[in-house]
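The values are calculated or read from the model by the stated rules, or taken from the named source; none is laboratory data. Just so it is clear, the structure is predicted and the values come from calculations on it, not from any experiment. Cβ placement follows ideal geometry from the backbone for every residue including glycine, while neighbour counts extend to all protein chains displayed. Each accessible area value is taken on the protein alone, full model and side chains, heavy atoms only, with ligands, DNA and RNA left out. Shrake-Rupley method; radii C 1.70, N 1.55, O 1.52, S 1.80 Å.
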Amino acid sequence: MLDAACEPYRSAGLFAYHFARGKLRTDPVYRAILELGLLLGRAHVLDLGCGQGLLTAWLRAAERCYDRGSWPHAWPPAPRVFSTRGIELMPREVARARNALGPASDVSQADIREAAFGAADAVVILDVLHYISLDAQLEVLQRVRAALPSQGLLLLRIGDAGAGLRFRYGQWSDRLVMLLRGHSLVTQHCRSVAQWRAVLRECGFDSEAKPMSQGTPFANVLLIAHAM
């Protein structure tokens, strides 16, 4: 499945291909989305801060592998996602996504603080919200809630600011990756898991926290939140 998900990025250049391969191979959140069946029954997915569109590529590859029968027997079926929309701030990332995913892909270049979200069954935000202010985080989450139906799903991965050294190592690594991808450094606005869950509750979500840094030295946590 890794090969199938990464192959489209060959046309987007060496960096795009090798970044996709490294990220999808080592980041546990992509495996968890499939292994835990988190997007089952979610036909319309909105990916905020989608980068070069890895989630879309991963879901497409999963569906193909499932249909071919090359699927882990212990896993639930691959999700059948009818549409995946992505919103990404950086034009370079948008260009890579469109190049790899093709003209039918729905990837918009916009700021999630201002872009219209429309309607979705699930919203995915991976390692993004700490780049915007605390007030802006609240506003984005409120608009995400408005875009979802009752029991709609939000998958929000964050770094746990209460995790000490592992969190600080994650911050350092994050800054390095941003520089390697050609982005400027920005102030990070982070919270502990308890603080994030309180904000989600304020915005109309019931959430559970799942560690999501297996195999890495980071303090990442996936918040699985359902709209109340």
How many residues does the stretch 183-222 contain that are in contact (Cβ under 8 Å) with a residue 60 or more places away in the chain, open to solvent by less than 30 Å² (accessible area, probe 1.4 Å) and either within 17 Å of residue 162 (Cβ to Cβ) or part of a strand (DSSP E or B) (or both)? 7
Of the residues in the stretch 93-116, those that are touching a residue at least 12 places away in the same chain (Cβ under 8 Å) and farther than 17 Å from residue 56 by Cα number 5
With the requirement that a residue be touching a helix residue (DSSP H, G or I) at 6+ places or on another chain (Cβ under 7 Å) and either open to solvent by 60 Å² or more (accessible area, probe 1.4 Å) or free of Cβ contacts under 8 Å to residues at least 12 places away in the same chain (or both), what does the stretch 24-64 give you? 25, 64
List pairs: first in the stretch 65-90 and of a type in the set (A, V, I, L, M) and part of a loop (DSSP other than H, G, I, E, B), second open to solvent by 40 Å² or more (accessible area, probe 1.4 Å) and modelled with pLDDT under 95, Cβ under 9 Å, 6+ apart or cross-chain? 89/131; 90/181; 90/182
Quick one: which residue in 42, 92, 85 is basic (Lys, Arg) and farther than 20 Å from residue 144 by Cβ? 92
Verdict on residue 136 being touching a His at 6+ places or on another chain (Cβ under 9 Å), small (Gly, Ala, Ser), modelled with pLDDT of 95 or more and open to solvent by less than 50 Å² (accessible area, probe 1.4 Å): yes
